[in-house]
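Below you'll find the structure, written out as structure tokens, and then a few comments.
Each value in this text was obtained by applying a stated rule to the coordinates, not by laboratory testing. Predicted, not measured: the structure shown is a model, and the values here were computed from it. All Cβ positions, glycine included, derive from the backbone under ideal geometry; neighbour counts span all protein chains shown.
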Ligand code: PXP
């Protein structure tokens, strides 16, 4: 499945900066338009239960006003299911969520939560929303995603990004093996979390991966070079790795 690797740009942290002052600036919608101009293939936004960055209104505006596919990251709750069904984003990525965490730590336990997730995946799918499960790169989780009939999985690359040396090599192999397994089962594998200019290329070189979702680093880098330039450079590194 080697070919163009899509880049989903996560704009949550534009909203984090906006919310630090409570006004309308900087507007994540403007960032989404700039991301499109910079070569993003999709926009990703996580509506957290505590609304610490993206708000309900942001989701409505993103869905209504951007041309790129919207990937809504959401916890597996009835409230979020209702919001997804109302806005009908292109994709919904189900993520684990804990209020006290700073970011999404670890993947969704799709195997352990099977009975809870099954009706949710079915309802999103019936509404024409492409379901993705944000999971650890393991056989057990890929197998659960298959049984849940999720068309997409996104592998959590946070551990790969944060460990070094031999541990990173082990984690990298887990991601590559899980991507191959997903494709064998007919699932489209994506990856994301903690990716930067320095660590993206080995991940981008995994031929089965179809999409990477990257946020914090791109928004941080945009402070120095602008969002357009930070995305263009990431896009170039990804393309060069293929
Ligand atoms: N993919 C998922 C499912 C996520 O939850 C996040 C973080 O919100 C990302 C990708 C992007 O991670 P980062 O902001 O570290 O690039």
(Q) Given R₀ = 45 Å, what would the calculated FRET efficiency be for residue 177 paired with residue 21, taking r from the Cβ atoms and rounding to 0.05? (A) 0.50
Q. Roughly speaking, what is the stretch gain from residue 105 to residue 139, that is 0.36 nm per residue apart minus the C-alpha to C-alpha distance, in nm to one decimal?
A. 10.3 nm
Q) Semi-axes, largest first, in whole Å: what does sqrt of 5 times each Cα gyration tensor eigenvalue give for region 2-53? A) 24, 13, 6
Q) Mind listing the Cα extents of the chain along all three principal axes, in Å, largest one first? A) 45, 40, 33
Q: Mind putting together the pair-distance distribution for region 108-147? All Cα pairs, 10 Å bins, whole percent per bin, short to long.
A: 31, 56, 12
Q) Where in region 184-201 is the amide nitrogen less than 12 Å from a point lying 7 Å along the Cα-to-Cβ axis of residue 224? A) 197-198
Q) Given the Cα-Cα distance of residue 37 and residue 61 and 0.36 nm per residue of separation, how much length would full extension add, in nm? A) 6.8 nm
Q.
Can you give me the C-alpha center-to-center distance between region 64-89 and region 20-47, rounded to a whole angstrom?
A. 16
Q) Comparing 30, 21, 140, which has the greatest mean-square fluctuation in the GNM of the chain with Cα pairs linked when under 10 Å apart? A) 21
Q | GNM result for the chain, Cα springs below 10 Å: residue of 146, 72, 47 fluctuating most strongly | A | 146
Q. What number, in nm² with one decimal, is the all-direction average of the projected area of the convex hull of the alpha-carbon atoms of region 1-138?
A. 9.2
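Peptides 118-130, 180-192, 161-173: what's the order by average Cβ count within 10 Å, highest mean first?
Working: 118-130: 15.5, 180-192: 20.1, 161-173: 13.1.
The most tightly packed comes first, giving 180-192, 118-130, 161-173.
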Q: At 0.36 nm per residue, minus the direct Cα-Cα distance, what do residue 6 and residue 201 gain on full extension? Give it in nm, one decimal, please.
A: 68.8 nm
Q) With a ≥ b ≥ c the root eigenvalues of the C-alpha gyration tensor of region 167-242, is it rounded (a/c under 1.5), prolate (a/b larger than b/c) or oblate? A) prolate
Q: Beta carbons within 10 angstrom, averaged per residue: use that to sort the peptides 63-71, 131-139, 226-234, highest first.
A: 131-139, 226-234, 63-71
Q: Report the residues of region 42-85 in range of a label on residue 233: point 7 Å along Cα→C-beta, backbone N strictly under 16 Å from it.
A: none
